[in-house]
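Report on the structure given below.
The values are calculated or read from the model by the stated rules, or taken from the named source; none is laboratory data. As the structure is a computational prediction, the values presented were derived from the model and not from experiment. Positions of Cβ are generated from backbone atoms using ideal geometry, with glycine treated the same way; all protein chains shown enter the neighbour counts. When the accessible area is computed, the model is the full protein with side chains, heavy atoms only, and any ligands, DNA or RNA have been set aside. Shrake-Rupley method; radii C 1.70, N 1.55, O 1.52, S 1.80 Å.
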Amino acid sequence: MVFAEILKFEFVQRALVTGLLIGFSCSLLGVFLVLRRLSLIGDGLAHVTFGSVAAVILLGFSPLYVTLAALPLVVLSSLAILHLTRSRRIHGDAAIGIVSSVGIALGVIMASVSGGYNADLLSYLFGNILTATQAELFLSLFIFCAVILFVIFFYPGLFALTFDEELAKSIGVKTNLINIILMALTAAAVVSAMKIAGIMLVSALLILPPVTALQLSLTFKKTLITSALVAVFSVAGGMLFSFVFNMPSGATIVIFNALFLFVVLLTKKVIQARR
Amino acid sequence: MSVNIIATENLTFCYNSTRVLDDISLGLEKGDYLGIVGPNGSGKSTLIKNILGILPLQTGKVFLFGQPLHEFSRWDKIGYLPQKLSSLNTHFPGSVNEILEMGLRRKNAREKQQVLEMMGIGHLAARLIGELSYGEQQRALLARSLISRPELLIFDEPTTALDPETRDSFYALTEKLNREHGTAVVLVTHDVGIIGKFARRMLYLDKKIIFTGTFEDFCASSEMTGFFGSGSQHIICHQHDTTKRNG
């Protein structure tokens, strides 16, 4: 009954739909990133997002359009990570670290120039899905559609690339194109996810659902579906729980995600012990 | 005139400033069985990766089935098995069946089961690749390289993780495909005895082509005696005789 009452509010409906769309997108992209040991890219891009948001606020953009305005900078940063990794002299984790620390350093400088850490900037650090705007809802819907189309149309290539990049190249998979789209979509998903979980916790949306799904030893397609289901239930459960008990929504969603993982790990342990 | 299945022209490749391939020009025709040998670091795998476009070309040209590499699109004509997977994650959630379908234009369940049975892993079709032993993974990948009935097979040290029985049946299979279907085979190996037994042509690589010709030519070549020393050349050729006797 309480849930039904809460869901009557338009801003709650908008927040829930935005959260579900972004949680779903992140969980699908996360499967490819986690399996390619690029999990921390979410964290790195979140730090870049902090710098981008600080720059956008410094430039005087309306808070309504901060997410949209930060998007190009974060996408460019994700491509920079890809380029650095390709140079063969820098490993993926180091490339993420470089771009991430430069992003946050620029953010700190710009926040300082614009007169310190104002409320707008701090709200992006911890996220508040209830303040999701109409523009952010449409951006989430656009990213959701783009991710779905990407996974469907590039599925054979994505599967091969995730299995082994060299083998994928040898069967004619356009690995460069797929990598660029994957990175750009991840950047877009991270930017929109900062409204849900905040910059500090955004990588959890990319990592926890896939890791939970991977514990179940399913086939590739079933892992993608399970990851998406874990994300959807975590976002819905976390948001409703946070409304009812007046808790921060981003952190609650992450805790719900972690609970799913904990339950799966515990169940596996019990099953193994009984054998 | 038959079109070369593989043709390279003046292929040169460097890792940073170290030259690994130096002016490699070679051709492979339909029905050829080419064995590539050479010491560690001689550029054997780099040559294969250049031919398949896994590494970007620096100097020189590669043609596959008469087409320049960058225009070639019929990758189902080629079956490739790398020396080792560069990034296999043991948690990878792909079943052997899904691995087999990778890059396949049409999926025929009977053909898939046949090739798995041939590699002795018919019972593992539904298992996840990460749950298999290294030898079983290698057999699954061998099956994948054969599934599209390719016109060219490229194997880079394919049998390192296989037991002797599976290794022998694998080589017998490559010989059968080559003899009966005219499938061209490129085999990179350290096992010179195997080259002598199966390959029609041998290429000795050490950054550049040191020798190319039949195994008999290699054993009879006084130039190679000068290069290897008569003792080493005798051991290589004797190894071939032993393999033949054992086979």
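For this structure, a couple of remarks:
- With the simple model of a label 7 Å out from the Cα in the direction of the Cβ, residue B:10 to residue B:73 spans 3.0 nm.
- Whole-Å distance, taken between Cα centres, linking the stretch A:162-197 and the stretch A:229-273: 26 Å
- For residue B:22, solvent-accessible area (1.4 Å; no DNA, RNA or ligand), Å²: 50 Å²
- Alpha-carbon centroid distance for the pair the stretch A:138-159 / the stretch B:1-55, whole angstrom: 38 Å
- R0 of 56 Å, Cβ-Cβ distance residue B:59-residue B:110: FRET efficiency to nearest 0.05: 0.75
- Under-5 Å amide H pairs with residue B:185, H placed in peptide plane, nonlocal only: B:32, B:33, B:34, B:153
- Whether the protein assembly as shown is rounded, prolate or oblate, judged on the alpha carbon gyration tensor where a/c under 1.5 counts as rounded: prolate
- Whichever lysines have a C-alpha closer than 17 Å to that of residue B:176, once near sequence neighbours (fewer than 8 apart) are set aside: B:30, B:197, B:244
- Backbone geometry of the stretch B:24-40 corresponds, through the Karplus equation with coefficients 6.51, -1.76 and 1.60 at θ = phi - 60°, to 3J(HN,Hα) couplings of 8, 10, 8, x, 9, 9, 4, x, 5, 10, 9, x, 10, 10, x, x, 4 Hz, x marking Gly and Pro.
- Using a probe of 1.4 Å, the accessible surface attributed to residue A:224 totals some 10 Å² when neighbouring protein chains are kept in position.
- Between residue A:94 and residue B:118, the C-beta separation translates, for a Förster distance of 41 Å, into a calculated FRET efficiency of about 0.40.
- Bridge orientation summary for the protein assembly as shown: considering DSSP beta bridges with both residues in this region, about 55 percent are antiparallel.
- Counting only protein heavy atoms and a probe of 1.4 Å, the accessible surface of the stretch A:3-274 is 73% carbon and sulfur.
- Cβ-derived FRET efficiency at R0 45 Å, residue A:222 paired with residue A:10, nearest 0.05: 0.80
- Whole-number D in µm² s⁻¹ for the stretch A:3-274, Kirkwood Cα-pair radius fed into Stokes-Einstein, 20 °C, 1.002 mPa s: 114 µm²/s
- Protein accessible surface hidden between A and B, which excludes ligands and nucleic acids, total in Å², probe 1.4 Å: 2300 Å²
- Proximal lysine pairs, the stretch A:111-248, alpha carbons under 28 Å, eight or more residues apart or interchain: 4
- Accessible surface calculations at 1.4 Å, restricted to protein heavy atoms, place the stretch A:3-274 at 44 Å² per residue.
- Here residue B:181 sits with roughly 120 square angstrom of accessible surface, probe radius 1.4 Å.
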